[in-house]
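Reviewing the structure listed below.
The values are calculated or read from the model by the stated rules, or taken from the named source; none is laboratory data. Since we're looking at a predicted model, the values are computed, not measured. Heads up, the Cβs are rebuilt from the backbone with ideal geometry, glycines too, and the neighbour counts pull from every protein chain shown.
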Amino acid sequence: MSTPRNRRRARPWTRLSDEQLLQLRFCELGLRVRGSNIERAVERLHAELGARGIRLRPHIWLAEEWFSPDGVPGIAVPFYLAHPRLMRLERSIMGQVEGGNSRWFMRILRHEAGHAIDNAYRLRRRKRWREVFGPASQRYPDRYRARPGSRRYVHHLGDWYAQAHPTEDFAETFAVWLTPHSGWRKRYADWPAVRKLRTVDELMSEVCEQPAPVRTRARIEPIDTNTRTLAEHYRRKVARYRRYRRTMVDGLLQWLFTVERPRRDAVRAATLLRANQRALIEAVSHELGVPRYSVHEIMRTMIDRSEALQLYIRGSRRDAAHVSRWMLEKLVSFYSQGETPHIPL
């Protein structure tokens with residue numbers, strides 16, 4: 001007999017302190033998709049796929065992080081989304097809950113569904129897919145250099161994620177195509193990216209009524225067999241976060257600007273940042289609700305490091321100013337969270 005969604009089975013660990021909860025192993029939590037709020041989102045995804053005539057229903061399981069493994073037409077969803085107590089733990093340690101509200105959750109779920117559909121029908125092997133999105137065999141980068149002004153890619157998850165890799169380009173395009181009332185035909189009508197959306201539309205028309213060649217229900221790294229403790233999980237996750245944070249300023253600057261002078265009249269990144277300093281600080285402070293002083297300090301760091309690294313802007317001043325605001329917002333968001341709490345042994 002299924003557990004009613006509004007009557008979750010009582011779990012003794014919900015009353016534990018964070019320190020006590022962190023000592024539990026994943027397999028001891030007894031988490032399930034069924035009966036959780038995740039189930040409602042999955043039903044919504046299935047309804048959206050059905051409305052588009054797609055027969056495939058990606059299977060869902062709980063894991064440590066979001067992912068859709070190569071060759072598996074399914075989606076792993078982070079364990080913490082299965083229970084409010086675990087979402088509170090995630091927020092207290094990491095400062096945010098990725099997919100923590102219904103809108104954010106569905107955006108990620110549609111993206112991962114794109115990967116699952118690609119895997120199920122082996123779309124990346126098709127000549128048309130490769131011509132439009134590129135080779136899926138391309139090495140997946142540790143970092144990718146975004147072109148904020150490019151209209152060859154759709155915008156869905158943010159951070160110009162479609163530009164990271166051909167498979168991410170397809171998943172982002174699929175997510176825009178799948179989203180109800182996205183109005184993609186009108187919104188992207190004068191963008192080169194509309195060709196990709198039309199390709200997705202054509203591919204889905206071809207495969208929607210066909211049985212998927214890949215039907216495995218494999219679950220990669222599921223929570224119910226994971227003997228790692230939550231403390232071990234968060235120690236690793238926080239370590240990755242701290243390494244990322246320490247190198248974030250230089251990493252972002254070197255990613256978005258260049259040490260090679262592209263032309264004789266190229267503008268230095270520090271010069272551009274100084275020229276736009278006041279407008280950027282005002283805009284980001286207002287957008288994020290962060291005091292101007294805090295934003296100013298991070299802006300000064302960006303300018304100082306740009307000078308030290310002798311960076312130049314890429315492309316036009318307009319594009320560089322646009323990406324500078326994105327970079328400032330990202331840095332302010334990270335640094336305004338303060339230091340990540342200690343994870344007890």
Residue 85: within 30 Å of residue 334 (Cβ to Cβ) and either out of contact with any strand residue (DSSP E or B) (no Cβ under 9 Å at 6 or more places or on another chain) or surrounded by 17 or more Cβ atoms within 10 Å (Cβ to Cβ) (or both), yes or no? yes
Looking across segment 312-336 at residues that are assigned to a helix (DSSP H, G or I) and hydroxyl-bearing (Ser, Thr, Tyr), the single one that is modelled with the lowest pLDDT is 335
Say we look at segment 194-226 and pick out the residues that are of a type in the set (Lys, Arg) and closer than 15 Å to residue 117 by Cβ; which of these is surrounded by the fewest Cβ atoms within 10 Å (Cβ to Cβ)? 215
From the option list 105, 133, single residue qualifying as over 23 Å from residue 213 (Cβ atoms) and either surrounded by 14 or more Cβ atoms within 10 Å (Cβ to Cβ) or in contact with a helix residue (DSSP H, G or I) (Cβ under 7 Å, 6 or more places away or on another chain) (or both) is 105
Wholly within segment 215-311, which helices (runs of 4 or more DSSP H) include no fewer than the required count, namely at least 1 residues that are free of Cβ contacts under 8 Å to residues at least 24 places away in the same chain and charged (D, E, K, R)? 230-246, 277-288, 292-309
Does residue 161 qualify as being under 21 Å from the mean Cα position of the chain (by Cα) and either within 30 Å of residue 30 (Cα to Cα) or hydrophobic (A, V, I, L, M, F, W, C) (or both)? no
Given the criteria more than 25 Å from residue 50 (Cα to Cα), touching a Pro at 6+ places or on another chain (Cβ under 7 Å), surrounded by 15 or more Cβ atoms within 10 Å (Cβ to Cβ) and not assigned by TED's automatic domain parsing to the domain that holds residue 313, does residue 191 qualify? no
Quick check, is residue 87 without any contact (Cβ under 8 Å) to a residue 24 or more places away in the chain and assigned to a helix (DSSP H, G or I)? yes
When segment 94-110 is checked residue by residue, the ones that are in contact (Cβ under 8 Å) with a residue 12 or more places away in the chain, more than 13 Å from residue 42 (Cα to Cα) and part of a helix (DSSP H, G or I) are 94
